[in-house]
Every structure is written in C-alpha cells, then in structure tokens.
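Working notes for the structure below.
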Amino acid sequence: MEYQQIFVKNTSECKKTETYIGTGNPNSKILIIGKETATDIENKANRDEHYVKFQIENLQDFKENAVKWDLNIKNNVVVNSIPNWIGGKDSPLTSNPLFPYKSLHPTELKEGQTWRKYQKLHDLIFLNDLSSLKEKEIDFHNNFFLTEMNSSPAKFTKDANKSGIPSRKFFSKKVISFKVLLLLF
C-alpha cells in the first residue's frame, strides 16, 4: 500500500507524542470522526473475563496506534497480509489499525454497537443494500478511515476526559485530506 506523504509525516509526529491516529484505510475518500473510543476496562457492563480481556486489548491498541501505523508504513503492510482476527477466551487478541479485528462478523456484535452501524452505512453507500449485512464479515475499514474527536477512551461519554478535544480538532484537519467528512456523535 502506498501511503500519502502527509500521512507518513504526521504518523511520525504522532508516534513521538503517542497521539492516536485512527483505523481503516488512510487513502479512502471518507473520514468518520466519532466521539471517543469506547472501552470498558472497569467492566461497567458486568460481563465475563473474556470481555474484560478484550477491553484491555482494545485500550492497548488505542495507545499503540501510532506505533502500529509506523510499522505498517515501514513494512508496506497491505490488507491482504493482515491475519484474520480469531476471538475466543484462549486466543491472543491482535489488531492492526489498517483493518482492526479482520474477519469479525456482525453476529458477534450487538445490534446497537457502533461498528455494526458503520457497516450499515458502508453497505448503503457502496452497495446500496442492507440485505447482506448478516451474511458477511465487517469490511467497512476498506473504504472508511475512522478517528475520534476525543483522545481519551471511555465506556460512556459523560465519563470521558475531554481536555484533549481542542488538539484533536487541529489534528483531524492536518492528517489527510478526505473528500467526505462524517461527524458521528
């Protein structure tokens, strides 16, 4: 994959400052900016140990985002070279920001979860169809790039530290130029 020079330059800066960049295809035409990454390491949802392990891994992926992007650039990583994510209690959770949790199926997500909604939006835009949503894997990362307005993950927005939002506004403008920008709050 050929990364735009502005993305390469800003990835290097973000690595130095440990700034979250985002996930998905940085060469896509559509940028989605969400509120903040939802993590629940305190287990407010009162779920099992696998759920908590996944939340901890999700937070770790968030913190290592710029480092992983830097490795993708240096190793010229493409989507096809990313191994499928395998869930399960004994499975190591691995994720790559180019295509996080590759092979995840919508049936593994609750109806209201954000990624399921992004997939519906993707299928409406690119397929003009919602009928295949339950039959195929989540693949919106091929055509969207996602980032967050808030750099502090939290399960609920009311609990999030919002002090980093002003710097994220600037960051979102300088990372890449997209043809379509969707603010989903």
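The values are calculated or read from the model by the stated rules, or taken from the named source; none is laboratory data. Computed from a prediction, not measured in an experiment: that's the story for all the values here. Glycine gets a Cβ as well: all are built from the backbone with ideal geometry, and neighbour counts include every protein chain shown.
What to note about this one:
- Residues in the range 32-49 include none that are modelled with pLDDT under 90, under 16 Å from the mean Cα position of the chain (by Cα), surrounded by fewer than 17 Cβ atoms within 10 Å (Cβ to Cβ) and of a type in the set (D, E, K, R).
Yes or no, residue by residue, for (1) under 29 Å from Arg47 (Cα atoms); (2) modelled with pLDDT of 70 or more; (3) touching a Cys at 6+ places or on another chain (Cβ under 8 Å):
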{"site": "Val78", "(1), (2), (3)": "no, yes, no"}
{"site": "Asp90", "(1), (2), (3)": "yes, no, no"}
{"site": "Leu98", "(1), (2), (3)": "yes, yes, no"}
{"site": "Thr114", "(1), (2), (3)": "yes, yes, no"}
{"site": "Ile125", "(1), (2), (3)": "no, yes, no"}
{"site": "Glu137", "(1), (2), (3)": "yes, yes, no"}
{"site": "Asn143", "(1), (2), (3)": "no, yes, no"}
{"site": "Phe185", "(1), (2), (3)": "yes, no, no"}
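- Checking each residue in the range 121-150 for being over 14 Å from Gly34 (Cβ atoms) and of a type in the set (A, V, I, L, M) picks out Leu124, Ile125, Leu127, Leu130, Leu133, Ile138.
- Flag for Pro166 being at pLDDT below 85 and within 20 Å of Thr39 (Cβ to Cβ): no
- Filter result for Asn84 (over 17 Å from Glu18 (Cβ atoms), modelled with pLDDT of 90 or more and not hydrophobic (A, V, I, L, M, F, W, C)): no
- Thr11, sole failed condition from (1) surrounded by 13 or more Cβ atoms within 10 Å (Cβ to Cβ); (2) at pLDDT 85 or above; (3) part of a loop (DSSP other than H, G, I, E, B): (3)
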